[in-house]
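Notes follow once the structure below has been shown.
The values are calculated or read from the model by the stated rules, or taken from the named source; none is laboratory data. Just so we're clear, the structure is a prediction, and the values are computed from it rather than from any experiment. Cβ sites come from the backbone with ideal geometry, for glycine too, and all protein chains shown count toward neighbours.
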Amino acid sequence: MNQIISSTHTVSAVPGERSHMFLRVPGIVGTTLGIAMVVTATLTFADVTSPAEVVVDNLRIENSLSGSPGDAAEGRKTFADRSLGNCLACHANSDLSDQLFHGDVGPSLNGVAERWKPEQLRTIVVNAKDVFTDRTIMPGFYSLDVGENVREDLVGKTILTAQQVEDVVAYLITLKGS
Ligand code: HEC
């Protein structure tokens, strides 16, 4: 990603010459504008860390994957949503006692913010294998390392987006005490 950005900076340095080109070679101007549009698109997503770029250091992922802070209220919804986090399938959580069917395959998440630091919670949600080894059955929610026999339309996709991970982490941080 950094490489793309730095090479695009070189491109955006060109506009100084653009008017000059415009007078002489319209074809090149078209190309230059085309490149400029790609640059804009790249910069818009520049803050999002792709699954392949995630760096886990000492069980921690230090920075927001989306480049923005998480929203705990959104995270609470994602946590409970059976088609997104579906965390309740495996984890009990008293904060969501209004929801039915809490699973008990994983530990209760009551007070989880007192057991793990935010940067560690991020790692657990991104790819639990990085914390609990390959033997965990908890899915990696922001990992492309999801094993074999993945449904064809899901290959190359993560279960949650970068922002949804941040929202869930922001929510987990609110789970203190029992
Ligand atoms: C298929 C079951 C499953 C699902 C779904 C699941 N987990 Fe887990 N999770 C586990 C298991 C099992 C563990 C315990 C680690 C181990 O031994 O593998 C765990 C551990 C954790 C821990 C550490 C808990 C502690 O007290 O140490 C956190 C935090 C966590 N999960 C969050 C989540 C969140 C958030 C979601 C939804 C986005 C989720 N999990 C979805 C099975 C699951």
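Does I173 qualify as being within 20 Å of A73 (Cα to Cα), modelled with pLDDT of 95 or more and buried (at least 16 other Cβ atoms within 10 Å of the Cβ)? Spelling it out, I173 is indeed within 20 Å of A73 (Cα to Cα), modelled with pLDDT of 95 or more and buried (at least 16 other Cβ atoms within 10 Å of the Cβ).
Please specify each residue of the range 129-138 satisfying the condition of being more than 6 Å from the ligand (Cβ to nearest atom) and under 20 Å from L65 (Cβ atoms). Lay out the reasoning, then the answer.
In the first step, residues of the range 129-138 are kept if they are more than 6 Å from the ligand (Cβ to nearest atom); the result is 129-131, 133-135.
Across the range 129-138, the qualifying residues are K129, D130, V131.
Can you confirm whether the range 128-139 contains a residue that is out of contact with any Cys (no Cβ under 8 Å at 6 or more places or on another chain) and touching a residue at least 60 places away in the same chain (Cβ under 8 Å)? Scanning the range 128-139, I find at least one residue that is out of contact with any Cys (no Cβ under 8 Å at 6 or more places or on another chain) and touching a residue at least 60 places away in the same chain (Cβ under 8 Å), so the answer is yes. Only one of the numbered conditions (1) at pLDDT 95 or above; (2) surrounded by fewer than 13 Cβ atoms within 10 Å (Cβ to Cβ) is not met by K77, and that is (2). V146 meets the conditions (1) surrounded by 14 or more Cβ atoms within 10 Å (Cβ to Cβ); (2) modelled with pLDDT of 95 or more in every case but one. The failed one is (2).
Counting the residues of the range 80-132 that are on the phi > 0 side of the Ramachandran plot and either touching a strand residue (DSSP E or B) at 6+ places or on another chain (Cβ under 8 Å) or at pLDDT below 95 (or both) gives 2. Considering only the range 110-119, I want to know if a residue exists there that is among the charged types (D, E, K, R), free of Cβ contacts under 8 Å to residues at least 60 places away in the same chain, away from the ligand (no atom under 13 Å from the Cβ) and surrounded by fewer than 16 Cβ atoms within 10 Å (Cβ to Cβ). No; the residues of the range 110-119 include none that is among the charged types (D, E, K, R), free of Cβ contacts under 8 Å to residues at least 60 places away in the same chain, away from the ligand (no atom under 13 Å from the Cβ) and surrounded by fewer than 16 Cβ atoms within 10 Å (Cβ to Cβ).
Here is a list: H91, H102. Which entry is over 17 Å from the mean Cα position of the chain (by Cα) and either hydroxyl-bearing (S, T, Y) or within 8 Å of the ligand (Cβ to nearest atom) (or both)?
Answer to the check: H91.
Filtered by the rule that a residue be within 6 Å of the ligand (Cβ to nearest atom) and without any contact (Cβ under 8 Å) to a residue 60 or more places away in the chain, the range 77-86 gives a lone residue, N86.
Of the residues in the range 55-76, how many are within 12 Å of the ligand (Cβ to nearest atom) and farther than 22 Å from G177 by Cβ? Count: 1.
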